[in-house]
1. For every other residue with a beta carbon closer than 15 angstrom to the beta carbon of ASP168, add +1 if it is Lys or Arg and -1 if Asp or Glu, then tell me the sum.
2. Filter the chymotrypsin sites (Phe, Trp or Tyr not before Pro) in the range 113-192 to those in DSSP coil with at most 16 other Cβ atoms within 10 Å of their Cβ, and list the result.
3. Going by average Cβ neighbours within 10 Å, how do the peptides 87-93, 97-103 rank, with the highest at the top?
4. Jot down the radius of gyration and Dmax of the range 125-184, Cα atoms only, both in angstrom.
5. List the trypsin sites (Lys or Arg not before Pro) within the range 138-181 that fall in a DSSP loop (any state other than H, G, I, E or B) and whose Cβ has at most 14 other Cβ atoms within 10 Å.
6. What are the residues whose amide H is under 5 Å from the amide H of SER134, where those residues sit 5 or more places off or on another chain and H is modelled from the backbone?
7. Using θ = phi - 60° and the Karplus form 6.51 cos²θ - 1.76 cosθ + 1.60, what ³J(HN,Hα) does each residue of the range 77-84 get, whole Hz, x for Gly and Pro?
Amino acid sequence: MLPAGVHRSLSDGEAWADAHASCFRAPGVPVPDSSEERAGAMGVVDRVNDLVDPLCARVGVEMVDLEFVGGVLRITVDQPGGVGTEALAALTGEVSRALDRTDPIPSTFTLEVTSPGLERPLKRPDHFGRVVGSRITLKTCPGTEGDRRLEGILEKVDDFGLVVRTDDGSYRAVAYEEIQTARTVFAWEQLPKPARQGGRGAAARNEGNGGP
């Protein structure tokens, strides 16, 4: 496993901006300051997604996240049992060659291919379907009714959205297009502290008091 990502810098290319504004399309990408910047980022994500998806299948990994933020093209992949360094290195080589051949990004950038941490991003309906019954947190798009931040147990999903049960026992339905970001929540379990045992000091006190 790699603790960080595998990095490679690329440069030059031709610009394009053919974005379509679905909030759930790339919820991990922060909303840029201008519509022009947003269109550029979304255009890169769309083009690279179509390029990388078949390469992931060839290497035998699943792409769980793809984002282009601050000059970093970050591709997060996973596979059953966890993804290892060999798969990450193989995919990095495949993606690097494909990007060299197609030049989809109009400026210098860093390619980062990495594995998800304990809390994995949820981008597509099938991602949510795999974690039903787990704890998740999400943030809705601006203008969505209700609190924008929501955390609880993912109760069910369908083709249109999902239902979350919050800690107070209430339920909230959210459509996929209303979700800006979402991820699983890793619950740290606190183990009970072991009972303190009387050590050498206790035995010595007993001897001093004339105990058995």
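1. With Lys, Arg at +1 and Asp, Glu at -1, the net is 0.
2. Of the chymotrypsin sites (Phe, Trp or Tyr not before Pro), the ones in loops of the range 113-192 whose Cβ has at most 16 other Cβ atoms within 10 Å are PHE160, PHE186, TRP188.
3. So the peptides 87-93, 97-103, ranked by packing, come out 87-93, 97-103.
4. Cα radius of gyration and Dmax of the range 125-184 are 10.3, 28 Å respectively.
5. Within the range 138-181, the qualifying trypsin sites (Lys or Arg not before Pro) (loop, at most 14 other Cβ atoms within 10 Å) are ARG148.
6. For SER134, whose amide H was placed from the backbone, the distant partners under 5 Å are LEU154.
7. 10, 8, 7, x, x, x, 8, x
Read-outs: derived from the displayed coordinates by stated rules, not from any lab. Please read these numbers as outputs of a predicted model, since none were measured by experiment. All Cβ positions, glycine included, derive from the backbone under ideal geometry; neighbour counts span all protein chains shown.
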